[in-house]
1. For G24, indicate whether it is free of Cβ contacts under 8 Å to residues at least 12 places away in the same chain, assigned to a loop (DSSP other than H, G, I, E, B) and not hydrophobic (A, V, I, L, M, F, W, C).
2. Just name the residue that is most open to solvent (accessible area, probe 1.4 Å) out of those in the stretch 1-20 that are at pLDDT 95 or above and touching a Ser or Thr at 6+ places or on another chain (Cβ under 8 Å).
3. Looking at D26, is it acidic (D, E) and either open to solvent by less than 90 Å² (accessible area, probe 1.4 Å) or touching a Phe, Trp or Tyr at 6+ places or on another chain (Cβ under 7 Å) (or both)?
4. Taking only the stretch 44-66 into account, find how many residues are surrounded by 11 or more Cβ atoms within 10 Å (Cβ to Cβ), modelled with pLDDT under 95 and outside any helix (DSSP H, G or I).
5. Does the stretch 36-56 contain at least one residue that is at positive phi and free of Cβ contacts under 8 Å to residues at least 60 places away in the same chain?
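The values are calculated or read from the model by the stated rules, or taken from the named source; none is laboratory data. Just so we're clear, the structure is a prediction, and the values are computed from it rather than from any experiment. A quick note on method: Cβ atoms are made from the backbone with ideal geometry, for glycine too, and the neighbour counts reach across all protein chains shown. SASA here: full protein model, heavy atoms, side chains in, ligands and nucleic acids out. Shrake-Rupley method; radii C 1.70, N 1.55, O 1.52, S 1.80 Å.
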Amino acid sequence: MTTNSRERFVLRCPRAGTYLCITGQDERIDSVNSADHAWAFHSHEGALTHALWIGQIMGEIPDVVMLR
(Lines give C-alpha, C1' and ligand atoms only; values in the text may rest on other atoms or scores of the structure.)
Protein backbone atom coordinates (compact mmCIF):
# COMPACT_ATOMS: atom_id res chain seq x y z
CA MET A 1 0.00 0.00 0.00
CA THR A 2 1.42 3.37 -1.02
CA THR A 3 0.69 6.52 0.92
CA ASN A 4 1.62 10.17 0.40
CA SER A 5 1.93 10.98 4.08
CA ARG A 6 5.06 10.19 6.05
CA GLU A 7 4.76 8.31 9.29
CA ARG A 8 5.98 10.10 12.39
CA PHE A 9 6.61 8.65 15.83
CA VAL A 10 7.15 10.29 19.22
CA LEU A 11 8.03 8.99 22.68
CA ARG A 12 5.54 9.38 25.54
CA CYS A 13 6.25 8.87 29.24
CA PRO A 14 3.60 6.41 30.46
CA ARG A 15 3.23 7.75 34.00
CA ALA A 16 3.35 11.47 33.32
CA GLY A 17 1.59 11.39 29.95
CA THR A 18 4.13 13.89 28.58
CA TYR A 19 6.24 13.59 25.45
CA LEU A 20 10.01 13.61 25.21
CA CYS A 21 11.90 16.35 23.41
CA ILE A 22 15.47 17.50 22.96
CA THR A 23 16.22 20.98 24.32
CA GLY A 24 17.78 23.42 21.90
CA GLN A 25 20.30 24.88 24.31
CA ASP A 26 22.17 21.90 25.73
CA GLU A 27 20.53 19.04 23.82
CA ARG A 28 19.30 17.24 26.92
CA ILE A 29 16.15 15.15 27.10
CA ASP A 30 13.18 17.04 28.54
CA SER A 31 9.40 16.67 28.47
CA VAL A 32 6.63 18.69 26.84
CA ASN A 33 2.85 18.44 27.01
CA SER A 34 2.25 18.51 23.26
CA ALA A 35 3.22 15.85 20.73
CA ASP A 36 3.67 18.69 18.22
CA HIS A 37 6.79 19.81 20.11
CA ALA A 38 8.13 16.32 20.81
CA TRP A 39 11.22 14.63 19.39
CA ALA A 40 9.99 13.11 16.10
CA PHE A 41 11.24 9.91 14.50
CA HIS A 42 10.58 8.91 10.90
CA SER A 43 10.72 5.17 11.52
CA HIS A 44 9.23 2.88 14.13
CA GLU A 45 12.56 1.08 14.48
CA GLY A 46 14.41 4.32 15.25
CA ALA A 47 11.85 5.37 17.85
CA LEU A 48 11.86 1.94 19.46
CA THR A 49 15.67 1.82 19.64
CA HIS A 50 15.80 5.23 21.33
CA ALA A 51 12.98 4.28 23.70
CA LEU A 52 14.95 1.23 24.85
CA TRP A 53 18.14 3.27 25.33
CA ILE A 54 16.27 5.95 27.28
CA GLY A 55 14.60 3.27 29.39
CA GLN A 56 18.02 1.92 30.42
CA ILE A 57 19.00 5.36 31.72
CA MET A 58 15.69 6.65 33.10
CA GLY A 59 14.39 3.36 34.50
CA GLU A 60 11.15 3.55 32.51
CA ILE A 61 10.76 2.75 28.82
CA PRO A 62 8.73 5.41 27.04
CA ASP A 63 5.83 4.40 24.80
CA VAL A 64 6.30 4.76 21.05
CA VAL A 65 3.31 6.61 19.62
CA MET A 66 2.53 6.98 15.91
CA LEU A 67 1.12 10.35 14.90
CA ARG A 68 -1.18 10.71 11.94
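1. Working: free of Cβ contacts under 8 Å to residues at least 12 places away in the same chain: yes; assigned to a loop (DSSP other than H, G, I, E, B): yes; not hydrophobic (A, V, I, L, M, F, W, C): yes.
Spelling it out, G24 is indeed free of Cβ contacts under 8 Å to residues at least 12 places away in the same chain, assigned to a loop (DSSP other than H, G, I, E, B) and not hydrophobic (A, V, I, L, M, F, W, C).
2. Among those residues, the one meeting the criterion is R12.
3. Details: acidic (D, E): yes; either open to solvent by less than 90 Å² (accessible area, probe 1.4 Å) or touching a Phe, Trp or Tyr at 6+ places or on another chain (Cβ under 7 Å) (or both): no.
It is false that D26 is acidic (D, E) and either open to solvent by less than 90 Å² (accessible area, probe 1.4 Å) or touching a Phe, Trp or Tyr at 6+ places or on another chain (Cβ under 7 Å) (or both).
4. Within the stretch 44-66, residues that are surrounded by 11 or more Cβ atoms within 10 Å (Cβ to Cβ), modelled with pLDDT under 95 and outside any helix (DSSP H, G or I) number 1.
5. no
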